[in-house]
Amino acid sequence: MKEAATGIGVSHAALEAYLSDVIPEFETLHSVTKFGTGQSNPTYRLEAASGAYVLRSKPPGKLLPSAHAVDREFRVMQALAGTDVPVPEVLHLAAPQTSPSRRAFFVMRYLPGRIFWDPALPDLQAEERTAIYDAMNAALAALHDVDVDAVGLSDFGKPGNYFARQLDRWSKQYLASVDAPSDAMVEIIDWLGAQMPPDDGAVSLVHGDWRLDNMIFAPHAPEIAGVLDWELSTLGHPMADLAYQCMQWRLPNQGDMRGLAGIDRADFGLPSEADYIADYARRRGLAGIDHWPFYLVFAFFRLAAILAGVAARAAAGNASNPQMARKYGAAVPALAAMAMIVIQEGPDD
């Protein structure tokens, strides 16, 4: 295995020696294969005599502050083991000071199963679509009900108004990623600042990227085997996750976007946005959800800011998948336009 072919920045022999030393069960590395999907942290399947594993690494090059937090991913999945939130089994976290690649990475056990890239689930029957969306809803409610003190994550986020902190963070990330901000994004940032809800004290563990293709489903059942991609997880407001997923009801199902707009949801066995929200509220014992337009606009803005950063990495030569990264960057204006629709007209269930 050559370094240039793997992208990990370490030889086959050195990686095998390191993993054999830090993971007691690990034995004889056969191959390293990079997954073609994913933008933030390069991810590889490792085949060894002792089984199959996944290695997730920070990318090379200059990185934005607080980005590519593989150490946070490792910590939260380790903490969630044994809860009602399904996660892969994590085995080892390599710090940059001791990593053979001099980049932080972690290793987890490979989970066989299905990943669905199209939220319309066109290859499934209506009954299974209904069950899959219900499983996502139940897992999200379970995540937000996790006792963060009991799992050792009470210090996993900062105190204070979550949305105020997130608006500040992603505004700065967006401005650092573009040569000049768009008029729409500036207007959205200003609107979010003016419409900021008062802090209601709701604090949960939030995933930060809760969507269908960040989950592995069991091979032959509509059950979640493991939730992936915890890089953006933190302590925050649970409505951030719910609104982020509900963007898919408004995104088009065409081109490089995969949403549910234009899909006959009733015929497909898919819940409406209102029904999905109601199911979540029922599971968590909530009477209702206030400030929904704010949460939706924030979700569109945050995703636009994230994708602007992906495009910036592509321009700098540091993206995990440069071609797709450029496409994601081109989606930023469309996401800003959708946020402006919510601002101007309010949400449409």
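For this structure, a couple of remarks:
- Among 135-143, 279-287, 8-16, the peptide with the highest mean count of other Cβ atoms within 10 Å heads the list, and the full ranking is 135-143, 8-16, 279-287.
- Accessible-area ranking of R109, R102, largest first, probe 1.4 Å: R102, R109
- In the full protein context, the chain carries 44 Å² of accessible surface per residue, based on a 1.4 Å probe and ignoring ligands, DNA and RNA.
- Largest first, the extents of the alpha carbon coordinates of segment 172-308 on the three principal axes equal 47, 38, 29 Å.
- Cα-based equivalent ellipsoid, segment 75-131: semi-axes from gyration tensor eigenvalues, Å: 33, 15, 9
- By the equivalent-ellipsoid construction on the alpha carbon gyration tensor, segment 184-237 comes out with semi-axes of 32, 15, 9 Å, ordered largest to smallest.
- The chain - mean residue ellipticity at 222 nm from DSSP helices (-39,500 (n - 2.57) per run, n ≥ 4, rounded to 500): -13000 deg cm²/dmol
- Cα-based equivalent ellipsoid, the chain: semi-axes from gyration tensor eigenvalues, Å: 32, 24, 20
- Surface composition of the chain: carbon and sulfur atoms hold 52% of the protein heavy-atom accessible area at a 1.4 Å probe.
- Student exercise, segment 267-318 dipole from Lys, Arg, Asp, Glu Cβ charges, in Debye to nearest 20: 320 debye
- Selection from N253, V186, G201 lying farthest towards where the dipole of the chain points positive, charges on Cβ: V186
- Each 10 Å bin from 0 upward holds the following percent of the Cα-Cα pairs of segment 156-222: 15, 34, 30, 14, 6.
The values are calculated or read from the model by the stated rules, or taken from the named source; none is laboratory data. All of these numbers come straight from a predicted model, not from anything done at the bench. Positions of Cβ are backbone-derived with ideal geometry, glycine not excepted, and every protein chain shown enters the neighbour counts. For accessibility, only protein heavy atoms count, side chains too; no ligands or nucleic acids. Shrake-Rupley method; radii C 1.70, N 1.55, O 1.52, S 1.80 Å.
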